[in-house]
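K.L.:
First, the structure itself, so that you have it in front of you.
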Amino acid sequence: MRIDRRTMIAASGAAIILPAPLFARAGGERARGGAQALPETESVMRGFVERGTVPGAIIAWRDRDGPIRYRSAGALGFANPAPVDERSIFRIFSQTKPVTGIAAMMLVEQGVISLDQPLADILPAFANMRVMEGGDPAKTRPAARPITIRHLLTHTAGFGMAGMTLSTLYAEHGVTPSPLRSASAPGTPPAAATLVEMADRLATLPLAADPGTRFDYSVALDLMGLVIQQASGMPFDTFLEQRLFKPLGMVDTGFSIAPDKVRRFADLPERKDGKWTLADDPARSSYARPLYPLGGGGLLSTAHDYARFAAMLLNEGELDGVRLLKPETVRLARSNLLPPAVKMVQLPLGQTLSGAGFGAGMSVSLTGGHRTGGMFDWPGEVPAGVFGWPGAAGTACWMDPSRGFFLLYLTQYWPSSLNGEMRPDIIAAAYRDLKRGDLG
């Protein structure tokens, strides 16, 4: 769908002026301690909206013992003037991965699964995996060791994904999990229609490397959804709803959009040939009829909901008197769980993440992070110990346990290769705000 240029805001990327109500202090609270405002961060966010880089955005944060606070700017779409607020619904794509990782850690805490348990104990089809040699899927050898739960959580199982390692092979076999539906390429089968079908196809394909030897961003967290489903005895989406979303009051988080929530659902603008179109139109969204729950990238959420998830993790498993995890489980989840042989988090985009390890579906800064200048500039200028993971449409959440601070940033744009400076600019401004506040 192409957006009517007469009704579009900043179709050519020119500066725009939005009505004052679109720059809102959404639900802002000023009751307790911590940073009560992040003025530079808010200004940076507002600048992206005013320049027409994105139609709208929101930040949420909590600092030390303060409440969760919100600031928003702009609208749900370039042609949708409804203002963004903490109840606006966004596609969070790979920001789903930490949610799936924490769900898995719940089962680890219960003793239902363990980090170094073979995947084949739960999904027997993965018992005798083979590894591709010389880049030729027809030439394989037996894997040196079994895939484990740890390998799934840390992208070290040897799997790949669309646009990354093994992309062509996966497309040829319809192993292309995505919440955005698209036609299969000529000569390739349609995408798997169920989580079980996706796993069955995946189990027949060779690995890119021996498990536990290399980081390859992959479909591993999508497969983890099936592990959780099999191990818990309930559908993956039901597990998330009952064990995470309902206890945390995450009332708008899920894998599909209900008709009565479409009015709060942000557009997904896509830049094509210098013009804005829609990669996903809320009125005809792929999320109205998702094929199956994708633990690697399928969730929708709001600033209100995801902020509560982040606050629970910073509180080491508890929020508002409800305990979901033991403190030691949260500390384990946010620690570096990479196998000993894997020394770096390196993406097939030609970029090594700055001083990063990997925990339960999320990166953790092992040293102070710095900008790399790559397309995927993550996590940016942050202290050691910061953990979290971003989403393909511009979203991100950074959690800093040493300070008791998190920053959530939600916006929407497509493709993910746009706006490489946005997230590092946002988090750098936030830490400058915190420093100024401390110096007071």
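K.L.:
On a 0 to 90° scale, report how tilted helix 39-50 is relative to the longest principal axis of the chain, with both axes built from alpha carbons and the result rounded to the nearest 10.
P.N.:
Long axis of 39-50 versus the principal axis of the chain: about 90 degrees.
K.L.:
Give a residue-ordered list of calculated ³J(HN,Hα) values for the stretch 126-139 (Karplus: 6.51 cos²θ - 1.76 cosθ + 1.60, θ = phi - 60°; whole Hz; x for Gly, Pro).
P.N.:
My calculation for the stretch 126-139 gives 9, 6, 10, 6, 10, 10, 5, 10, x, x, 10, x, 7, 10 Hz in order.
K.L.:
Once you list every other residue whose beta carbon is under 13 Å from the beta carbon of residue 170, what net charge do they have if Lys and Arg are +1 and Asp and Glu are -1?
P.N.:
For residues surrounding residue 170, the net value is -2.
K.L.:
When the chain is fully extended, how far beyond the present Cα-Cα distance does residue 371 get from residue 120, taking 0.36 nm per residue of separation?
P.N.:
86.4 nm
K.L.:
Take the Cα gyration tensor of the chain, multiply each eigenvalue by 5, square-root it, and list the three semi-axes largest first, rounded to whole angstrom.
P.N.:
For the chain, the ellipsoid semi-axes come out as 33, 26, 20 Å.
K.L.:
I want the local charge near residue 427. Using Cβ-Cβ distances under 12 Å, sum +1 for each Lys or Arg and -1 for each Asp or Glu among the other residues.
P.N.:
-4
K.L.:
Next question, about the same structure. What is the spin-label model distance, in nm, from residue 331 to residue 271 if the labels are put 7 Å beyond Cα along the C-beta direction?
P.N.:
Distance between label points: 4.4 nm.
K.L.:
Could you give the size of the charge dipole of the chain about its Cα centre, using +1 on the Cβ of each K and R and -1 on the Cβ of each D and E, expressed in debye and rounded to the nearest 20?
P.N.:
520
K.L.:
Taking H placed 1.01 Å from N in the peptide plane, check which residues at least 5 places from residue 358 or on another chain put their amide H under 5 Å from its amide H.
P.N.:
Close amide H contacts, sequence-distant or interchain: 337, 338, 364.
K.L.:
Can you give the angle from 0 to 90° between the axis of helix 422-439 and the longest principal axis of the chain, with both taken from C-alpha atoms, to the nearest 10?
P.N.:
60
K.L.:
Follow-up question, since we're still on this one. Relative contact order for the chain using alpha-carbon pairs under 8 Å, separation at least 6, rounded to a whole percent?
P.N.:
Details: 991 pairs, mean separation 90.2, N = 440.
Across the chain, relative contact order equals 21 percent.
K.L.:
Hey, another quick one. Please calculate the 1.4 Å probe accessible area of residue 281, with all protein chains present, and give it to the nearest 10 Å².
P.N.:
30
K.L.:
If you bin every alpha carbon distance in the stretch 241-390 into 5 Å steps from zero, what whole percent lands in each bin?
P.N.:
That works out to 2, 8, 13, 16, 16, 16, 15, 10, 3, 1, 0, in percent per bin.
K.L.:
Rounded to the nearest 500 deg cm²/dmol, what is the calculated helix-only ellipticity per residue at 222 nm for the chain, with -39500 (n - 2.57) per DSSP H run of length n ≥ 4?
P.N.:
It lands at -7000 deg cm²/dmol.
K.L.:
Calculate one ³J(HN,Hα) per residue across the stretch 378-388 by plugging θ = phi - 60° into the Karplus curve 6.51 cos²θ - 1.76 cosθ + 1.60, and present them in order as whole Hz with x for glycine and proline.
P.N.:
9, x, x, 7, 9, x, 4, x, 5, 10, x
K.L.:
Further, regarding this structure: Calculate the spin-label point distance for residue 197 paired with residue 37, positioning each point 7 Å from the Cα along the beta-carbon direction, and give it in nanometres.
P.N.:
Here the modelled spin labels are 5.5 nm apart.
K.L.:
Placing +1 on the Cβ of each Lys and Arg and -1 on the Cβ of each Asp and Glu in the stretch 30-133, which of 39, 115, 92 has its Cα farthest towards the positive end of the resulting dipole?
P.N.:
Towards the positive end, the residue furthest out is 39.
The values are calculated or read from the model by the stated rules, or taken from the named source; none is laboratory data. What you see is a predicted model; the values in this text were computed from it and never measured. Using ideal geometry, Cβ is built from the backbone for each residue, glycine included, and neighbour counts are taken over all protein chains shown. We work out accessible area using only protein heavy atoms, side chains counted, and drop any ligands, DNA or RNA first. Shrake-Rupley method; radii C 1.70, N 1.55, O 1.52, S 1.80 Å.
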